[in-house]
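Report on the structure given below.
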Amino acid sequence: KDPRVRKAISLAIDRNVIIKDLLLGYARPVVNPVPPGLIGHVNLGQKPYDPEKAKALLKQAGQTNLSIDFVLMKDLYPKQLEIAQAVAAMLGEVGIKVNIRNLEIATAREQRTAGNYDLFFSGWAHMPHDPDWYFGQWFTKAGAEKMTRFNDPKVEQLIAEGRVPDPKVRQQKYEEIERILWEDEPEIWPYYSVAIYAVSDKLRNFEARRDYYVLLSEVGIA
């Protein structure tokens, strides 16, 4: 609930190390809650890695001996346990003890619904091709009630105002939302994942898509 603690956790995470050493470069630095290719995306700049500032913020917040639970949905995302362990080590460097709870998916989601977590490892894919789905799920009072518990009337209003046909209006509203989220950090965005496909030389007319759909109507084998 204390934004200083959220910012300290964010500052203590070296995202570039996660991308380079754990994901072997198959990810990109995050510069916005909404990824490139969707309406509303704008480059807000990568979050910094600054453990000394993180320590100062924790001290300011009176949290010098903090212990948090980090809940994972077991085996759902690539390298998630290794990433969580790396994050735990990074947070340990600034004085935060992390208890990783690697739970079966259904159990983890039950814990999320009950609010029994401090950090929860989750991703979102832009399958609906529109950030309104993401904002509505995670950052409205009703949508976030059993997820992030996020509740900001200003963001709620901007989400509603963005539900119009005019793309210029939507871009403006979404940029406002994103700047609020980027500053407030109700979530910590570590990286944009990259889909990896193995494709046979015999395959013809296959196109990898960023929405993960595999369309085969025009595909053939040589």
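Over the chain, what is the percentage of antiparallel beta bridges among all DSSP beta bridges, to the nearest 5?
If we restrict to bridges inside the chain, about 30 percent are antiparallel.
Work out which chymotrypsin sites (Phe, Trp or Tyr not before Pro) in the chain are exposed loop sites (DSSP not H, G, I, E or B, at most 11 other Cβ within 10 Å) and give the longest gap free of them. Result for the longest clean stretch: 1-196. Loop-located trypsin sites (Lys or Arg not before Pro) across segment 173-222 with a Cβ neighbour count of 15 or fewer within 10 Å are Lys202, Arg209, Arg210, with loop assigned by DSSP.
The trypsin sites (Lys or Arg not before Pro) of segment 109-162 meeting both criteria, a DSSP state outside H, G, I, E and B (loop) and at most 15 other C-beta atoms within 10 angstrom of the site's C-beta, are Lys141, Lys146, Arg149.
The smallest convex shape that holds all Cα atoms of the chain, its convex hull, gives 144 Å³ per residue. Rounded, prolate or oblate, given the Cα gyration tensor of segment 47-99, with a/c below 1.5 counting as rounded? Prolate shape, in that a/c is at least 1.5 and a/b is the bigger ratio.
For the set Ser193, Ser10, Ser217, Ser122, solvent exposure ranked by accessible area (probe 1.4 Å, protein chains only) runs largest to smallest as Ser217, Ser193, Ser122, Ser10.
From the alpha carbon centroid of segment 144-222 to that of segment 88-142 is 17 Å. In this entry, segment 171-222 is assigned a mean projected area of 5.8 nm², taken as a quarter of its C-alpha convex hull surface.
The amide H of Leu66, built 1.01 Å from its N in the peptide plane, has Lys97 as neighbours under 5 Å, considering only residues 5 or more places off or on other chains. Under the combined filter of DSSP loop state and at most 15 neighbouring Cβ atoms within 10 Å, segment 115-198 retains these GluC sites (Glu not before Pro): Glu145. You can think of it this way: the chain between Lys154 and Leu44 has 37.6 nm of extra reach, that is 0.36 nm per residue less the Cα-Cα gap.
The values are calculated or read from the model by the stated rules, or taken from the named source; none is laboratory data. Computed from a prediction, not measured in an experiment: that's the story for all the values here. Glycine gets a Cβ as well: all are built from the backbone with ideal geometry, and neighbour counts include every protein chain shown. Accessible surface is based on the protein model in full, side chains and every heavy atom, while ligands, DNA and RNA are left aside. Shrake-Rupley method; radii C 1.70, N 1.55, O 1.52, S 1.80 Å.
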